[in-house]
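The values are calculated or read from the model by the stated rules, or taken from the named source; none is laboratory data. Source: prediction; values computed, not measured. Cβ placement follows ideal geometry from the backbone for every residue including glycine, while neighbour counts extend to all protein chains displayed.
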Amino acid sequence: MGDDSNGLAPVDKSKLTLSSAKVTAAGIPAVISSAVHSMKKMGVGKTVKTLRMVNQKDGFDCPGCAWPDPDHRSSFEFCENGAKAVADEAMKANVNAAFFAKYSIDELSTKSDYWLNSQGRIAEPMYASRQDSHYQPISWDAALAKISDKLKSLQSPDNAAFYTSGRTSNEAAFLYQAFVRMYGTNNLPDCSNMCHESSGKALISTIGIGKGTVSLSDFNHADTILVIGQNPGTNHPRMLTALRDAKDNGATIIHINPLTETGLIRFKHPQDYMKLNFSSTKLSDVHIPIKIGGDAALFQALNKLIIESNSIDNDFIDNKTKGYHEYCESLTSLEWSRIVTDTGIPKATIEGVAELLINSKTIISCWAMGLTQHKNGVAVIQEVVNMHLLGGHIGRHGAGLCPVRGHSNVQGNRTVGIWEAPSDSFIDDMELGLKTKIPRGHGYDVVNAIKAMETGDLEFLFCLGGNFISATPQTKRTSKAVENLQMGVHVSTKLNRSHLVQSDEMLILPCLGRTELDEQLSGEQFVTVENSMGVVHTSRGTLKPASDLLRSEPWIIAQLAAMTLDDSAIDYLGLIDDYDDIRSLIAQSIAGFEDYNERVRQENGFNLPNPPKDDRKFDTVDGLASFSINNLPDVSLQEGEFVMMTIRSHDQYNTTIYGLDDRYRGIKGNRRIIMMNPDDMLELQIKTRDVVDVTSHYDGATITSSEWTVIPYKIPKRNIAAYFPEANELVPLESTADTSNTPTSKWIICTISGPNSAAEEE
């Protein structure tokens, strides 16, 4: 294979069909979509058997999002996209030696992401050198020996990095980080670096914990719920049930987002039909179509209005916080002209939202990538925290902060140690539990790992799940960096683009999925996960593995650790005989997991400690929550410039493409599109379906991507949106959030060239 694969998916030439955006989420269309997708990939019998076990107490945790399960569950406790995730995993193992003999790596590189994912499960370990045109089968023993030998040959452990996807269980993630640290490095980049890292940094600096402060039951007691920079109808569909129930209990919902998202207009729970209930629920009471990047100005304005109304919790502020007076002083120079310009929202509308907040005794703020992936991602989340501190909306039933995580166990991964920058206290506890010294110097996050590959400082990359190439920014540049590696290893269930960018040596190790039975020496095993609200519970696969050559993630890690580490203080091979032993080691090593094996077997698992939520206590140096002072970012644009944000389609989960339709937005058949305000299109003389080139600009450098089809969409002027991973090519590697170093995938300054008229306007 050539060494210039560039990591890009081929340009999509398929037919684009446009229709009106939907006004109701879920309902019968979601039922039909779930059934069709599931039966196509699993068949009727397997579909019924599998979906009845999703998110059940004796079943498996959905491999989709991390939204928590209710204590009292229905027979069908899944959403449309959860059903797609399950069906996608439960496919036959067709990606085998015969498959790779048929398709060269070069030929596979010409296939779409949708095609790659649709081929089925990976059946056996595969190997390719840079000189090989095809992957070849390799035994587990030989594959693990190659990896171990490479790790032992590196000049320094810091020449290796170990990436993690958020689907990894607590048990696997703990073993993984223990092995990596005992090997001698903290190079543990993970998917959090690209999504909620800004949330963690903002929350730790203000309230002393990098997690949210709400439970699912709080939604039933909230006066007002803010949904900020988030599209729950596609990305966290089961959240819509919680919002519906909150509405039934009298809550007001405010949606702050440049796009009007169907899931927050109206919602119809599919199971209502079985109760002969044919009505739907209007969710959002207010939609704020904010300009991309205007959130900081909005929340500073809201906070100023709250302070001026004297509708604050003086007792909470005086006894639980610091920095209030300084924060008030910082807002005195805030001008309405700047607020209106930055947000695109009239003063009267903002005042109306402030009035709702002022009259609310309990407020929940939910957010996702729409806040985190900005240059000021940490600062804008701190402004949301400021609002909660003003009203004492932390540690009160029905109130709190709710960063909504994506991957089903991404929060659990961080809790058990997947972090390139561990605290001294975490290392102290880990050394006691592992009975060995481990490194304390901070390692590479995702962005710095890519830069280290470019310079040759990183020679080895191990990916425990995920699709590194497609998930990361500036795709061509990242691919070039990966090609510099001596070895790349991918623990995977499905074929993806990361397998097609070759380093000197490449290995694909097929692992069990969340849905599959995991048997070890002591019998059937279960694993555990932590949801978005800090509840740890079991997940037990029930399906026969897609191939006899699949291995569990803990097994793979343990085997590699045993082969690589000399005189280890941990009997890794012994630990995988019974996963209870892994959990016992976690209990010895990490605070909050005491009596792990006993508590996780309780009906609904157990809650990890959360001092702000539990006792209104803050694990900060002085025990006080902090108000934060931040300058507003410069969100002005030059003539001819637009700001782009990347988004998901409805038939998509992170980088996995389930289909080519975005049903709620009325976009079908093609993903290489630019959503643009109709007035902007008119000014640029661009017609619907015109094909343009897009160039991103950062610090004097440019990146150009060709052949994007423009469609009109209800989005603020000078703002555009495009799907990732396709648009990740345009995200500059150097453009990252202050403090968190998260790529700014929601703030990409672009220019448009063309158009090449391709069709008449619809």
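Some observations on this one:
- Note on segment 275-292: residues that are touching a strand residue (DSSP E or B) at 6+ places or on another chain (Cβ under 8 Å), aliphatic (A, V, I, L, M) and either surrounded by fewer than 19 Cβ atoms within 10 Å (Cβ to Cβ) or at pLDDT 90 or above (or both) amount to 4.
- Residue check for PHE162: closer than 25 Å to PRO439 by Cβ and either buried (at least 23 other Cβ atoms within 10 Å of the Cβ) or touching a Lys or Arg at 6+ places or on another chain (Cβ under 6 Å) (or both): yes
- Helices (runs of 4 or more DSSP H) contained in segment 100-197 and holding at least 3 residues at pLDDT below 95 and not assigned by TED's automatic domain parsing to the domain that holds ARG671: 113-118
- Condition check for LEU684: under 14 Å from GLU641 (Cα atoms) and touching a residue at least 60 places away in the same chain (Cβ under 8 Å): yes
- If you go through segment 110-160 and pick out every residue that is closer than 20 Å to ALA546 by Cβ, among the small types (Gly, Ala, Ser) and touching a residue at least 12 places away in the same chain (Cβ under 8 Å), you end up with 4.
- Among helices (runs of 4 or more DSSP H) entirely within segment 555-661, having at least 1 residues that are more than 30 Å from ILE307 (Cα to Cα) and touching a helix residue (DSSP H, G or I) at 6+ places or on another chain (Cβ under 8 Å) singles out 572-575, 579-589, 596-600.
- Of the criteria (1) surrounded by fewer than 22 Cβ atoms within 10 Å (Cβ to Cβ); (2) not in a loop (DSSP other than H, G, I, E, B), which one ASP88 fails: (1)
- Residue list for segment 416-427, filter: of a type in the set (Val, Ile, Thr) and surrounded by 23 or more Cβ atoms within 10 Å (Cβ to Cβ): VAL416, ILE418
- Checked against (1) touching a Pro at 6+ places or on another chain (Cβ under 9 Å); (2) modelled with pLDDT under 95, ILE508 meets all criteria but (2).
- Just so you know, in segment 302-335 the residues that are of a type in the set (Val, Ile, Thr) and outside any helix (DSSP H, G or I) include one that is surrounded by the most Cβ atoms within 10 Å (Cβ to Cβ), and it is THR321.
- Residue count for segment 676-721, restricted to those that are in contact with a Lys or Arg (Cβ under 8 Å, 6 or more places away or on another chain) and under 20 Å from LEU660 (Cβ atoms): 6
The rows are residues; the columns are (1) of a type in the set (A, V, I, L, M); (2) within 22 Å of MET453 (Cα to Cα); (3) surrounded by fewer than 24 Cβ atoms within 10 Å (Cβ to Cβ).
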site: ARG130; (1), (2), (3): no, yes, yes
site: PRO137; (1), (2), (3): no, no, yes
site: LEU144; (1), (2), (3): yes, no, yes
site: ASP190; (1), (2), (3): no, yes, no
site: ILE209; (1), (2), (3): yes, no, yes
site: THR213; (1), (2), (3): no, no, no
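- When ILE364 is tested against (1) over 22 Å from ASN310 (Cβ atoms); (2) part of a helix (DSSP H, G or I), just one condition goes unmet, and that condition is (2).
- Filtering segment 599-651 to residues that are within 30 Å of TYR713 (Cα to Cα) and basic (Lys, Arg) leaves only ARG648.
- Pairs are defined by a Cβ separation below 7 Å, a sequence spacing of at least 6 or placement on different chains, a first member in segment 574-589 that is modelled with pLDDT of 95 or more and hydrophobic (A, V, I, L, M, F, W, C), and a second member that is assigned to a loop (DSSP other than H, G, I, E, B) and surrounded by 24 or more Cβ atoms within 10 Å (Cβ to Cβ); the pairs so defined are ILE586/VAL416; ILE586/PHE593; ALA587/PHE593.
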